[in-house]
């Protein structure tokens, strides 16, 4: 639910003014007129919808590479998106963060993934920014440098915790191994990473239809 | 295995058989040869269905199967009829001659057919791929034995004979996940190159569909007559290439305008060495502009 008829997370903003709902992020701004009094709620969702549904994976580039020498765990920041729901109907999916994509592999045979500049967080309970947090368990027996984390988005789990005006978003604990300085996530643990979290079930908006259009492949 | 005398005895028996029985045996022989040909054809059809059918489209497979199966049966029939005086070699010769005649007559048909087969083997594109071939750019709608149909972006259905397609350059836009955009843009000689590069690079980095890797680049490519030419180079998802291209081209001017960087138009400085007489036909104008002219 919106607190004081407004929610602002990063670049995303949802406002309920009289009979209008205004949603905006760096890529969209839209106004909806409410004919009847419908409750508006905002739920976190996987970062796949904005500005178009394009990637099935995410590459988290660590701002500072980390060194690991044995099986260890660390917390990192991750992006997410916000589903603005009126009653049962999704109005729009917003991104609180600037969206970027990258190729993992070559531009010819690689994969297009969502890209995010991620930070390693020492203590998750003191994190005050808008990004979500996720725990990564790395399995290794030798000393390795980790520059990024790669995950298939449909394998991830999302959790949310509401604290007054704030919405804290967490990812399920991810487990993976290192190859070429990148942690490839192979599994996500079933249990919640910390206590008091509520699991988010609708991770991908079914009605998001802005898949690519073939005619845009045309060249000038 | 059989003693020589037994064979001789059988030969004598056969020679002494009544003509009707000989005739019956001949028919049995003919039926047996045709039967063997049919069995071979069925076995080959079975092998084709297992090995070839999963690899080629149904309508192409149907044609191949018919040609092979009926071809074997026809050869079997021709071989079986040889005891009746129908010579296989003669038939083959006539068939060969007929093939040459038909081949010449239907050269284009066969060329298209075999080009179609080669396209299936090589697979430079599949149905649904966006391609550029000859002067056409569009999506492949159908690949048949004789031709390939392309729906161009302006909605026209173009039928291209497979032979023509086989001998042409084909660009398939769906074979890479990312595709490069190159945008050349001229800035005036008065402009700060570094500032222009910086604002344009930032513009590319801000765009959600410009890929982080390979990284976007902005660099000077030419000092032309009226402008310093910069080039913006970035990679975007292939599926959104044109949409992103359109957005970026529009945004380049907006970005340069905001930064106060001029995009010049072609201009020429003219230096006159000696005074030039200008003839004004209108007397009033002559008065206004002085006594220049005749």
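No lab work stands behind these numbers, since they all come straight from the coordinates. Everything numeric in this text was worked out from a predicted model, so none of it was measured. A quick note on method: Cβ atoms are made from the backbone with ideal geometry, for glycine too, and the neighbour counts reach across all protein chains shown.
The table below lists the values:
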read-out: Relative contact order (%) - criterion: Cα under 8 Å, at least six apart; region: chain B; value: 11
read-out: Cα→Cβ-extended label distance, 7 Å offset, between residue A:194 and residue B:160, nm; value: 5.9
read-out: Stretch gain in nm, segment residue A:71-residue A:179, where the contour uses 0.36 nm per residue and the Cα spacing is subtracted; value: 37.5 nm
read-out: Mean-position separation - Cα centroids, segment B:134-150 and segment A:169-193, in angstrom; value: 45
read-out: Percent of beta bridges antiparallel (DSSP, chain A, rounded to nearest 5); value: 80
read-out: Under the Debye formula (equal points on every Cα, no solvent term), log10 I(q)/I(0) of segment B:77-200 at q = 0.13, 0.14, 0.19 Å⁻¹; value: -0.73, -0.77, -0.99
read-out: Gaussian network model of chain B, springs between alpha carbon atoms under 10 Å - residue of B:54, B:281, B:216 with greatest fluctuation; value: B:281
read-out: Gyration tensor verdict on the protein assembly as shown (Cα atoms; rounded if a/c is under 1.5, prolate if a/b is larger than b/c, oblate otherwise); value: oblate
read-out: Max mean-square fluctuation residue, GNM over chain B, Cα-Cα springs under 10 Å, options B:274, B:258, B:21; value: B:274
read-out: Computed [θ] at 222 nm, deg cm²/dmol, the protein assembly as shown (DSSP H ≥ 4; -39,500 (n - 2.57); rounded to nearest 500); value: -9500 deg cm²/dmol
read-out: Shielding by partners, peptide B:198-208 (average Cβ within 10 angstrom, other chains); value: 2
read-out: Three-way shape call for chain B based on the alpha-carbon gyration tensor, with the a/c threshold at 1.5; value: prolate
read-out: Theoretical gain in end-to-end length, residue B:53 to residue B:68 [0.36 nm per residue, Cα-Cα removed]; value: 4.1 nm
read-out: Relative contact order %, segment B:124-166, counting alpha carbon pairs below 8 Å whose residues are six or more apart; value: 27
read-out: Residue-averaged beta-carbon neighbours from other chains (10 angstrom radius) around A:108-120; value: 3
read-out: Cβ crowding within 10 Å averaged over residues, with B:92-100, B:135-143, A:162-170 ranked highest first; value: B:135-143, A:162-170, B:92-100
read-out: Most fluctuating residue given options B:238, B:152, B:255, as computed from a GNM of chain B linking Cα atoms under 10 Å; value: B:255
read-out: Length-normalised contact order of segment A:58-181 in % [C-alpha pairs under 8 Å, at least 6 apart]; value: 35
read-out: Shielding by other protein chains, B:236-244, mean Cβ within 10 Å; value: 6
